[in-house]
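Written below as structure tokens is the structure these notes are about.
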Amino acid sequence: MSVPDIAAAKNFFLTLGMRDVLPDATEVAILELRAGTHLIIQHADEDVNPGTQASFDLMVEDIDATYASLKQHGVDIGDLQPGKIHTTFDVTEPNGHVITYLDSHNSGLPV
């Protein structure tokens, strides 16, 4: 993800519960999600058009608990949107990207 303000984006994603892989880095941020997936935040010279959809989404096991936790932490958050397959909600990171959260439909059964 390319943003003009790496520190603001990094702090936002840390609030969302990601782990900082390179805490002393300032030119780039590498944040770890679950299962070793990484979000790399790098500098962009141009501003993000507000409302630009991020190129990724975040799937969580318990959408209601995640929603409540983010609200409790003061994250600017949209309403829960029930859908045919997923319930979703959006958050906007400080640079303007919209990130969609989805509930998991993982049954836990072997593939």
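The values are calculated or read from the model by the stated rules, or taken from the named source; none is laboratory data. Bear in mind the structure is a predicted one, so any value in this text is a computation, not a measurement. All Cβ positions, even for glycine, are placed from backbone atoms using ideal geometry, and neighbour counts span all protein chains on display.
Can you name the residue in the range 21-78 that is part of a loop (DSSP other than H, G, I, E, B) and of a type in the set (V, I, T) and is also nearest to A7 (Cα to Cα) among such residues? Checked the range 21-78; the qualifying residue nearest to A7 (Cα to Cα) is T26.
Could you list, in sequence order, all residues of the range 53-80 that are polar (S, T, N, Q), at pLDDT below 95 and farther than 22 Å from E32 by Cβ? Write out each step before concluding.
So in the range 53-80, the residues polar (S, T, N, Q) come out as 53, 55, 66, 69, 72.
Next, only the ones that are at pLDDT below 95 stay: 55, 66, 69, 72.
Residue satisfying the conditions is Q72 alone.
Considering the range 79-101, and only residues there that are in a loop (DSSP other than H, G, I, E, B) and β-branched (V, I, T), the residue that is farthest from L14 (Cα to Cα) turns out to be I85. Answer with yes or no whether H86 is surrounded by 11 or more Cβ atoms within 10 Å (Cβ to Cβ) and more than 16 Å from the chain's Cα centre (by Cα). Yes, satisfied. Among the candidates V91, V98, V48, V60, the residue that is touching a residue at least 60 places away in the same chain (Cβ under 8 Å) and at negative phi is uniquely V91. Residues that are aromatic (F, W, Y) and buried (at least 16 other Cβ atoms within 10 Å of the Cβ) were ranked within the range 1-59; the one that is farthest from the chain's Cα centre (by Cα) is F12.
Summed over the range 1-45, the residues that are farther than 20 Å from V60 by Cα, in contact with a helix residue (DSSP H, G or I) (Cβ under 8 Å, 6 or more places away or on another chain) and of a type in the set (D, E) give a count of 1.
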